[in-house]
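Okay, structure first, notes after.
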Amino acid sequence: MEVNEATTLEKVIQYLEEEHDFLFSYKEEDIQGIKLHLVPKRETINTFLQSILKNTDIQFEIVQGNYVILTKDESFSTIEKEQILPLLCGKIVDSLSQQALGYATIFIERSKKGTTTNDDGRFELKASFNPTDSIVISYVGYQEKRFLASDLLASPCPTISLNYLEFEEDFIVVTDYLTTGISLKNNGASTELRPNEIGTLPGQVEPDILKTIQFLPGITSPDGSASGLCVRGGNPDQNLILWEDIPLYHTAHYFGMISAINPYIIDKASVYRGGFDAEFGSRISGVIDLRSDDRKIKEPNFIVGTNLTNAFTSGRFALAEDKVKVIYSLRGSSLDVWRTPTFKNITRRINQGVLFEFPSSNKLPEGIRFKNDFAFIDSNIKTSFQLSKRDKLSASFLYGFNDFKSEIDDDQRKQTQRDDLFLKNLGASLNWQHQWNKTLSSKILLVHSDYRYDYKYDIIDQNESMNPTMPDKEGIKNSKILEQQIQVVTDWQTSKRHLLKVGYQLTFYDVAYQIEKKSRNQPQSDRNNGSKTPLHILHTSFNTAKDKRFGFNAGLRQSYFKKGKGRKLFFETRLRLWYQLSDAMNLYANTGRYFQFLSQVFQIEGDRASIETPVWVLAGQEAVGQADVPILRSDQHQLGIIFERKSWLIDVQSYYKRIGGLTSLTSGFDEELSTAQRIGNATITGVDVLIKKRWPHFRTWFSYTISKTDYHFVNFFDSDFASPNDQRHVFHWVNLWKRGQWQASLGWKIASGRPFSEKDFYEVFEQNTMGANIEVIRPLKNIVDTEPNIFNSRRLSSHHQLDASIAYSIIPKNEKYGKGLIGFSLFNAYNQTNLYEKSFLIDVNGNEASELRYSNKIDMGITPNLSLKWEW
């Protein structure tokens, strides 16, 4: 926009609406004839409006990120216009270097009257104010400062220092990566999501962090669930997910279909697809760091709402003159109130894991009756205490549970199966932060995470049972993780804004599982296994100032872990580089080594009658009587380039990963063949591409991932084959439209099918000798052996679907009534049949010959959802 002395407020509003997708509400007579003088520079909309309206009688308020309300300040008198007012003046400088900060913003908080500093950091402001009015001083990259405006009159033009913003602003900053509320941070190392700013996305009626993450190139869920996140070829259990430093082992309800993370308590989610800092560890794939920020609580805020799967509430408020701040959230399933179409579709999908013999539970075979009950709750609360100017204490708590019961009656087979599953996740953290001086700070962190999983089943076969209530087959599968941590971390910022971080972490693991199964004609089989192990970690990292053309982040992480009967040191090196090629183009690269000591085991002496449920095991812990589970190790390398000019954004990232210590049990591919543990490795290569274009009120982007995940197991009959989660091609096309109080989105996805193995089968004959020289061969009716062809050589059909959403914001004229949102979404709008898994089983049916059957698991068809939310 070309600006000069004759620029009018009407032209500025027109420009912001057409070029930057803002919507203004105002009375035309209030803004007529107002001329502005603009200084061209990059700044936020809040800072920009403060600057241009500082000497006018116009006030502004920003609602929901892009809706701006302009009103006339009736208190702006003729005396003010003639500038017969108190003079506020001063100089703004950097707290470390004492260099002047030109073009910093200064304004009275109540009236929004303000000004900016000149090149020497000096300012003068004539404005009326009350004795209790605060003045706000802000500058890009520095911490905002607030104090009483009257304090500026205590001494003539005082010098005011601002502290650097703790490395939250980087040289590579893309603030609109996919859409509003999604940006690149840490010089391209992480993607930051702010759920309350994102708006509607395809297939979502409200922000869903785990689903939103899947729009990022390189992150996919091959089975379509919320929790099955595979980050650049890794497995879901290789991701570290934290809320306020608490590790989350339960991330989605109802067998992974409904996210267990309430978006309304999350202010920021930092997603690392690799190359994460040495402070993060114990996982080899990705990191999702969730934070609830209490620093911005200026007045109480509460939300209530419901959708077709749950009801929710959240809120935030301050007590004791803002020294105590509280944030909370609560969600519960609505199944007891109404079995909605959304819940029914999810249930049909889940039933496929229980009704293993049938290709789809959408239409049950004749004589099959199925019923289930399900309930979930998740809750979070964070409380912070400002103990002094230098000390802050915060405490966070979470609790969630799932309760699932089902019963299947099969009149043809005369069988009844009952399943009962209860899961709970409890977590807490206590964080004390102390600011020793302007450059040195420390924190002490205590963490507790408790995850319990209890599952049991039984089968009554009326053909064989004399007692119709006595189970003929039954079993249990339990899993427990108790993780407790103490962390001490110290940060030191140099005069040149480099950052040195040193920390120690002690983690105590208590991990156990129990598996039992028995049948009427077989002895009881028990498997009890537990491990209690400490993990000692030292980590250090050095970050150069992130606002320079060239910089790096170097880190070292050292772990001391007791594995079985031995002890060992593990060293993890991390290095990240970035370089600005031009004003529009940036290059970055990283390399590092990562270790993981805790993994999931998919099949441990399981039973086809039971629900497939993985359990967690520690490295060095015995699994199914085999060798100890090994430690996972990954070496990763990444190279990327970002191009951003005007309304275009192009991001290309290539990566190479090698993972060692994989087992057939933790990788879940060998369950049909044997329970023997096989050791192998994985090689992952890929390229992620994102192209985005923005117009006024409309955005569109294309993301494409081409990758290859190969397994190599020397002792397996087919030593080289594709990973079960390997998807060679994943393509997204997303369109977002926003105008006024309406917003809509439409997204199309197509992805390669997952690999599977075709199998041949044959009957096994038992050879017995009855009497001299007499050989009798008889078929064993219930025994069938299988021979796979080339392992994972076939692929399912490509997966594709169209998702859509629309939402309307309700903004009453009187702000005291709050604001609302109503949204509607369609998942898989054209009802595509997407097969996400093909398995086989040996079907034994009385005296008939055994058969080999394939079981096809199909993702949800067209699924609606509706959301209502009110906020005040």
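The values are calculated or read from the model by the stated rules, or taken from the named source; none is laboratory data. In this text, all values refer to a predicted model and were calculated from it rather than measured experimentally. Methodologically, a virtual Cβ is constructed for each residue, glycine included, from the backbone with ideal geometry; neighbour enumeration extends over all protein chains shown. Just the protein is used for accessible areas: all its heavy atoms, side chains included, with ligands, DNA and RNA removed. Shrake-Rupley method; radii C 1.70, N 1.55, O 1.52, S 1.80 Å.
The local environment of Met585, defined by Cβ-Cβ distances under 9 Å, has a net charge of -1 under the rule Lys, Arg +1 and Asp, Glu -1. Surface calculation, 1.4 Å probe, protein heavy atoms: Thr573 sits at approximately 80 Å² accessible.
Sorted from greatest to least, the principal axis extents spanned by the alpha carbons of segment 694-762 come out as 64, 26, 13 Å. Can you figure out the FRET efficiency of Gln558 with Gln741, using R₀ = 51 Å and their beta-carbon distance, to the nearest 0.05? The computed FRET efficiency comes out at 0.40.
More than 28 Å apart: what percent of Cα pairs in segment 186-329 qualify? Walk me through the numbers on the way to the answer.
Details: 2135 of 10296 pairs.
I get 21 percent for the Cα pairs in segment 186-329 exceeding 28 Å.
The slack between Asn46 and Lys11, meaning 0.36 nm per residue of separation minus the straight C-alpha distance, is 10.8 nm. Here segment 231-314 is described by how far its Cα atoms reach on the three principal axes: 39, 33, 18 Å, from widest to narrowest.
Expressed in nm to one decimal, what extension gain is obtained for the pair Lys389 and Asp336 from 0.36 nm per residue of sequence separation less their Cα-Cα distance?
Separation in residues times 0.36 nm, less the Cα-Cα distance, equals 14.2 nm.
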